[in-house]
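Structure first, then comments.
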Amino acid sequence: MKPAPFAYKKARSVEEAVALLGQHKDARLLAGGQSLIATLNMRLSTPSLLIDINGISGLDGIAHKGGKVEIGALTRHAAAERSETIAQHAPLIARAMPHIGHVAIRNRGTLGGSIAFADPAAELPACLLALDGELEATGPKGKRTIKADDFFKGLFETALGPQDVLTAIRVPAAGKDTRVGFAELARRHGDYAIVGLAASARTTGKGLSDVRLAFFGVGATAVRARKSEATLVDGDVDAAISALDLAPNDDVQVTGAVKKYLAGVLLRRVAKQLMEARP
Amino acid sequence: MSGYALDISLTVNGERLSAHVEPRKTLVDFLRDDLSLTGSHVGCEHGVCGACTVRVNGAIVRGCLMLAVQCDGATVETIEGLSDSGEVADLQKAFEQRNALQCGYCTPGMIATAQDLLKCGGVPGREEIREHISGNYCRCTGYHAIVDAVEAVAQARARTQMKK
Amino acid sequence: MNIAEDSPPILTALDRPNSYIGRSVPRPNLQRLAQGRGQYVSDVTLPRMAHVAFVRSPHAHARIVSITTESVKKSPGVIAAVTGAELAKVMTPWVGVLTHLKGLKSAPQPPIAVERACWQGEAVCAVVAHTRAEAEDACELVEVSYEELPAVTDPETALDPKTPVIHASLGDNLCFERKLDVGAVDKAFVESDAVVETTFMFGRHTGVTNEPRAIVADWNASEQRMTVYQGTQAPHMMQDLFAKHLGLHHQQVRVVTKDVGGSFGIKVHTYADEMATVALSKLLKRPVKFVADRIESFVTDIHARDHRVKGKIGVRNDGTITAFEIDDLTGIGPYSVYPRTSGIEANQIVNLTGGPYACPNYRAQTRVVFQNKNVMCQYRAVGHPIAVAVTEGLIELAAAKIGMDPLELRRRNLIADDAYPTQSTSGLKFERLSHHESLAHLDAMMNYAGLRAEQKRLREDGIYRGIGFASFIEVTNPSAAFYGVGGARITSQDGATVKLDAQGFVSVATGVTEQGQGAEAVVAQCLATAFGVPIEKVRVTTGDTDSTPYGGGTWASRAAGIGGEAAWQAGKALRANVLAVAGAMLQTNPEALDICNGVVVDKAGGNERLPLEELARVAYFRPDTLPAGIQAELMATRHYVPRAWPFAFTNGMQASYLEVDVDTGFVKLLKHWCVEDCGTIINPQLVDEQIRGGVVQGIGAALFEHCRYDDRGQLLNGNMADYLVPMAAEMPDIECGHCVSPTGDSELGAKGAGEAGTAGAPGSVMNAINDALRPLGAKPLTDMPFTPDKILRALGKV
């Protein structure tokens, strides 16, 4: 399968990328390309222009400052996987990284790309929801910040406008009372999850507060199970599972009923992780 | 559009070269068609099978999920280069001795991926080896002999390291 | 029957000094493959070569109302756009029938659909351009107007009067049916203490060869000769078919097969798009290349194993099996594939079910029906995985029902090791098998008692592990009984031509082919041993109809048993020729001489008398020095075909040990074992690696692989993300053991080994899952692949 023809330009700055997006209505940004180029090869997508942002300096970088971990959108998954900063201060993301594809994919794929693509079965959008993270986007009117809860709109649809470039991801740095949990079920290592759960909470010594449970693979977007979050604060895992108000559709791998059931299984496992002492 | 081609310069297996390529041409097609480096193989063109795995700027990537134009200024290494330099000679020998290749189609990608694991040093266990090559599809061997070969090379390299 | 060690066995006819028989010699072609210097057909480029891409029907069944190619011809790089009607003037259609499958019928199939497209993915127009990308661009400009027709997509209703008939000329959608009734089945069921009845489903799946199908056809009009580079298992068969359908003589067609990136039976069939590529080359008078991309591979590579089998077994409390009964239904595509037919898989299921067991009562029926889905045909282990899973599944369900250990039930029913020669109840002739020895070997290898104890212990902790078995028989080394008797021009014999060159090295050209299983190595080992040279001095040529003997290629596990024997005989013949010259040169009786390690020696004592280089020098350059009348003949050709047995049956037994996560329905494979008896083992490592690869393909069928169609005949998961092939992280280590029952039909005594792994793996994994879940009262799972969905439903969790 060979892509349909397209033109190609390397953007030297975010501003240039934004301007090119404005000039060419069916242009696409090329970051890691691990999702985009596959869709181009299959002719599922036929943009007239690819804007390569890989050369823009200053878009990758992982920093711990002001109580947050800021990750440049162009940071490769592999760099995030190796990052001490993320391991220490954003442990939920560190837990998710080895599940993303395979080594060769992680060497090119970027966190910004994964989040902007917003595959419903991807790990990072759920991590962002679980961490109450925020996204920084740059568009024709300049920079703006979008909360993760407001970012994922629909199937492969985010709050990014047609001229926006996602430039940074920010999550609160983990504190001493932060607990995280992560579990996903995939038929084979590296596959998109059948069902997954990214979770964070704060422990008060006895019990949890600020529980955030973000499921992926269960709908058009990653989604928070808010009723279960509230129930889990009370410590009742069975009730939290009963309170799961997910309505997944069937897909090629499993039925919606099985997804919902498995979501409950993962909730039990992740609840246990949240309640365990931090190593 | 045909004729919409761009100039690129890159280093492939240590050789500096220039080329004129259409933006839509993937790296693996460029290597195979334009440079006649047919050792990297095309198995799926959607990044799943790993037969196109090559090294770009020192990191293994899917040759079908990168465009040749993205490699302007890059250093690309294919199985031919890894082979001629001797970098993977012990891996190749171990594969041959254990018949860890049958049809040979997955082998270039498999060896590049195995080398990526082993050059970090240490002796990975069988489960870790299986996990690292979990993105390289082999239909012939059932993977057992491949894991044997990689494990043996890891142990041999560690012994050589210890002697140093 | 001895349990073999990995060391040269001492067998009379093969007892030669420095024998390579039984040794794990590395394959000669591995270095170039490991260096990335293989020559796959997808690598081949020729001067002026063009590329073809096909417009494919998006509908499962549709009348082609019109095709407009006007704007296509102006698209950059386009050389031609060709419809089925235009190509029909160059190439005749074909029909996939064989006379020994009585009543088998099929409609003529063209290289490109003419009036109707009969499956989603069938080619309706070809576009030839300078590059594949340009051809694909131009395909989007071809305007095809379709009239959608109702699609036949359910085998259960394919024969209902209300269901549309796909090919009116055939009268109905029945391709083939067969019934068999041996003994007194109904009486046997009545007299049983327990009867188990269930329905097995086998999900349609496909080969997913790593290198997709690839072909380069080169019609040289000046020579009136067609050269085809093709990744085929059977070059001579394809030579015959290209010649036949283009109206050429064999001599006008050369088929060349270099390295092949995996085949497993996928590449032994005739594909419409490959035939079209050959016809296009003739039409356009230049080389044309076609490489199926992965997406089109899923809708055009043959599918296999789409079966529903109702199975029934009767058993007495003492464990005696009283009867087997099966009712098989399989839905193929709209055409029976050419030339091997799509009736063989079903026919094998009728032949093979119950095969290892001495049960005299067996009734079977099969119906093969047409559908508007991709075509189906032989894929590794053809029919065996289904027959074995049904048989072995019924056996373990019966064992559970009467409370008997599943190995013990088998001991009481497997054909005795001293019962041979004998026949299966279905009429298969067995020369010599070793079911009991294999079972004993497996029992010991896996420490069965130890695993049962571990299983029991872990159950108390809520961990559910299962042990499952599968005994099997396997068809190898086929005689003409497989295809020839039915009128197919598929040869079951094979040949080897050997030559001593002017330096004393030996070359051999063989009619068997190599796709990675090691046919070249095996042929070299046989020749080197029979003739008497170090194996480093042997060079093997395969895969060229111009320069190899007329041969069958590699399929049905025939390369070692048949190709190896031909090489063995040719080596012996060359030795005799060479010793005749040596005897004349040394003034010695040739009977007193032998060749050892590349040197002519005294047979008694081993004194070196004359190096082969010296003999060759004299024979080629100084024949004037030879005694009067001597004509040196330093080449020999021998052919071999099995004559005493229609097939060389092998046997074996497999076991799977796994753990089911009863919360998630996920299966973790812990270990797999296979004991295989393939007669004389020429290269133990290659045999074991064939078994391992075959086992993993079988595991794919049991747990992962399924071509899923909706009721409109649309393939829903035709890509590598949604169609799941086994990858390294989920596969177990696989331990292999052997028993040895050589065949007397050849001097080597080697049977085949390529497919046994695939035959037994699905059944053993199924049995292990059911063994794991039995204490939980789960309904036995018999619907492959065993996905978490299905396991959770069997456990009542969803």
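The values are calculated or read from the model by the stated rules, or taken from the named source; none is laboratory data. Here the structure is a predicted model, which means the values were calculated and not measured. Heads up, the Cβs are rebuilt from the backbone with ideal geometry, glycines too, and the neighbour counts pull from every protein chain shown.
A few comments on the model shown:
Let's see how each residue does on (1) farther than 19 Å from C:Leu33 by Cβ; (2) assigned to a loop (DSSP other than H, G, I, E, B); (3) in contact with a Lys or Arg (Cβ under 7 Å, 6 or more places away or on another chain); (4) away from chain A (no Cβ under 14 Å):
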{"residue": "B:Leu91", "(1), (2), (3), (4)": "no, no, no, yes"}
{"residue": "B:Gly109", "(1), (2), (3), (4)": "no, no, no, no"}
{"residue": "B:Pro124", "(1), (2), (3), (4)": "yes, yes, no, no"}
{"residue": "B:Cys138", "(1), (2), (3), (4)": "no, yes, no, no"}
{"residue": "B:Thr160", "(1), (2), (3), (4)": "yes, no, no, yes"}
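- Filter pass, C:Asn374 being touching a Ser or Thr at 6+ places or on another chain (Cβ under 9 Å), surrounded by fewer than 24 Cβ atoms within 10 Å (Cβ to Cβ) and at pLDDT 95 or above: no
- The stretch C:165-216 - residue that is away from every other protein chain (no Cβ under 14 Å) and hydroxyl-bearing (Ser, Thr, Tyr) and, of those, surrounded by the most Cβ atoms within 10 Å (Cβ to Cβ): C:Ser192
- Residue selected from the stretch A:74-96 under the condition surrounded by 24 or more Cβ atoms within 10 Å (Cβ to Cβ) and of a type outside the set (Val, Ile, Thr), by the criterion farthest from B:Asn136 (Cα to Cα): A:Ala90
- Considering residues of the stretch C:143-161 that are of a type in the set (Val, Ile, Thr) and assigned to a loop (DSSP other than H, G, I, E, B) only, the residue farthest from C:Glu115 (Cα to Cα): C:Thr153
- Filtered residues of the stretch A:137-178 (kept if more than 14 Å from the chain's Cα centre (by Cα) and charged (D, E, K, R)): A:Lys141, A:Lys143, A:Arg144, A:Asp164, A:Lys176, A:Asp177
- In the stretch C:151-162, the count of residues that are without any contact (Cβ under 8 Å) to a residue 60 or more places away in the chain and either over 30 Å from C:Thr353 (Cα atoms) or touching a Pro at 6+ places or on another chain (Cβ under 8 Å) (or both) is one or more.
- Contacts under 7 angstrom Cβ, first residue in the stretch C:420-446 being in a strand (DSSP E or B), partner of a type in the set (Ser, Thr, Tyr), 6 or more apart: C:Phe430/C:Tyr420; C:Phe430/C:Thr422; C:Phe430/C:Ser424
- Comparison of A:Arg28, A:Arg43 shows that the only residue that is basic (Lys, Arg), under 21 Å from B:Val61 (Cβ atoms) and either crowded, with 23+ Cβ neighbours inside 10 Å or modelled with pLDDT of 95 or more (or both) is A:Arg28.
- Residue satisfying condition, being within 14 Å of chain B (Cβ to nearest Cβ), outside any strand (DSSP E or B), on the phi > 0 side of the Ramachandran plot and touching a helix residue (DSSP H, G or I) at 6+ places or on another chain (Cβ under 6 Å), within set A:Gly33, A:Gly101: A:Gly33
- Residue selected from the stretch B:126-136 under the condition more than 10 Å from chain A (Cβ to nearest Cβ) and in contact with an Asp or Glu (Cβ under 8 Å, 6 or more places away or on another chain), by the criterion surrounded by the fewest Cβ atoms within 10 Å (Cβ to Cβ): B:Arg126
- In this structure, B:Asp34 does not satisfy being more than 14 Å from the chain's Cα centre (by Cα), within 13 Å of chain C (Cβ to nearest Cβ), among the charged types (D, E, K, R) and crowded, with 22+ Cβ neighbours inside 10 Å.
- Residue check: C:Lys244 meets all listed conditions (1) more than 22 Å from the chain's Cα centre (by Cα); (2) on the phi > 0 side of the Ramachandran plot but one, namely (2).
- Given (1) away from chain C (no Cβ under 14 Å); (2) crowded, with 20+ Cβ neighbours inside 10 Å; (3) closer than 23 Å to A:Asp119 by Cβ, number of the condition A:Ala201 does not satisfy: (3)
- When each of B:Val69, B:Val61, B:Val147 is tested for being outside any helix (DSSP H, G or I) and either buried (at least 18 other Cβ atoms within 10 Å of the Cβ) or in contact with a His (Cβ under 8 Å, 6 or more places away or on another chain) (or both), the lone residue that passes is B:Val61.
- Among (1) charged (D, E, K, R); (2) closer than 30 Å to C:Cys739 by Cβ; (3) surrounded by fewer than 19 Cβ atoms within 10 Å (Cβ to Cβ), the one test that C:Arg638 misses: (3)
- Look at (1) crowded, with 24+ Cβ neighbours inside 10 Å; (2) assigned to a strand (DSSP E or B); (3) more than 19 Å from the chain's Cα centre (by Cα) and you find that C:Gln525 fails only one, number (2).
- Neighbours by Cβ (under 7 Å, 6+ apart or cross-chain): first from the stretch C:266-282, free of Cβ contacts under 8 Å to residues at least 60 places away in the same chain; second in a loop (DSSP other than H, G, I, E, B): C:Tyr271/C:Arg213
- Hits in the stretch B:37-69 (condition: of a type in the set (Lys, Arg) and at the interface with another protein chain (Cβ under 8 Å from one of its Cβ atoms)): B:Arg62
- Every condition in (1) facing another protein chain (nearest Cβ under 9 Å); (2) at positive phi is met by A:Gly67 except one, and the failing one is (1).
- Selected residue (criterion: nearest to the chain's Cα centre (by Cα)) from residues of the stretch A:76-128 that are within 23 Å of A:Val254 (Cβ to Cβ) and acidic (Asp, Glu): A:Glu123
- Filtering the stretch C:21-42 to residues that are more than 7 Å from chain B (Cβ to nearest Cβ), over 16 Å from C:Gln517 (Cβ atoms) and either assigned to a loop (DSSP other than H, G, I, E, B) or hydrophobic (A, V, I, L, M, F, W, C) (or both) leaves C:Ile21, C:Gly22, C:Arg23, C:Gln39, C:Val41.
- Inclusion of B:Glu80 among residues that are surrounded by fewer than 24 Cβ atoms within 10 Å (Cβ to Cβ) and more than 7 Å from chain C (Cβ to nearest Cβ) is not warranted.
- Pairing residues of the stretch C:114-137 that are among the hydroxyl-bearing types (Ser, Thr, Tyr) with residues that are buried (at least 23 other Cβ atoms within 10 Å of the Cβ), at Cβ distances under 7 Å and at least 6 apart in sequence or on separate chains, gives C:Thr131/C:His51.
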